[in-house]
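Remarks on the structure that follows.
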Amino acid sequence: GLSCGLGIRDRLSVMYIDVVDGGQAITLRVTVGSRLPLATSAMGRALLTGLPPAERDHLVGLIMEREADPARRDAVLA
């Protein structure tokens, strides 16, 4: 009865390539092709966690360079 999504990295985003809706009344509605930020979405953070340290550090560095808001930068590093 739970929703499940499968995503891949596309630049600094995660793109959903498959979604199964579990039918809950309250859920995040994403569809195939939806993109969410790599650094601040659950799926993006899970993807970053699974990367080799050098690749993860490189991507986090790119994200930090592009994020002008200090509060959002703190969320990336959390």
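The values are calculated or read from the model by the stated rules, or taken from the named source; none is laboratory data. Since this is a predicted model, take the numbers as computed values, not measurements. Note: ideal-geometry Cβ built from the backbone for every residue, glycine included; neighbour counts use all protein chains shown. The accessibility values were calculated without ligands, DNA or RNA, using every heavy atom of the protein model including side chains. Shrake-Rupley method; radii C 1.70, N 1.55, O 1.52, S 1.80 Å.
Only helices (runs of 4 or more DSSP H) wholly contained in the range 6-77 count here; list those with 3 or more residues that are open to solvent by less than 80 Å² (accessible area, probe 1.4 Å) and at pLDDT 90 or above.
42-49, 53-66
Any residue in the range 49-72 that is in contact (Cβ under 8 Å) with a residue 24 or more places away in the chain sitting within a Cβ distance under 9 Å of a residue that is open to solvent by 80 Å² or more (accessible area, probe 1.4 Å) and of a type outside the set (Ser, Thr, Tyr)? List the pairs, counting only those 6 or more apart or interchain.
Leu59/Arg9; Leu62/Arg11
Under 7 Å between Cβ atoms, at least 6 apart or on separate chains: pull out the pairs that start in the range 1-12 with a residue that is farther than 14 Å from Leu48 by Cα and end on any residue that is open to solvent by less than 50 Å² (accessible area, probe 1.4 Å) and among the aliphatic types (A, V, I, L, M).
That search, which allows pairs on different chains as well, returns Gly5/Val19; Gly5/Val30; Gly5/Met43.
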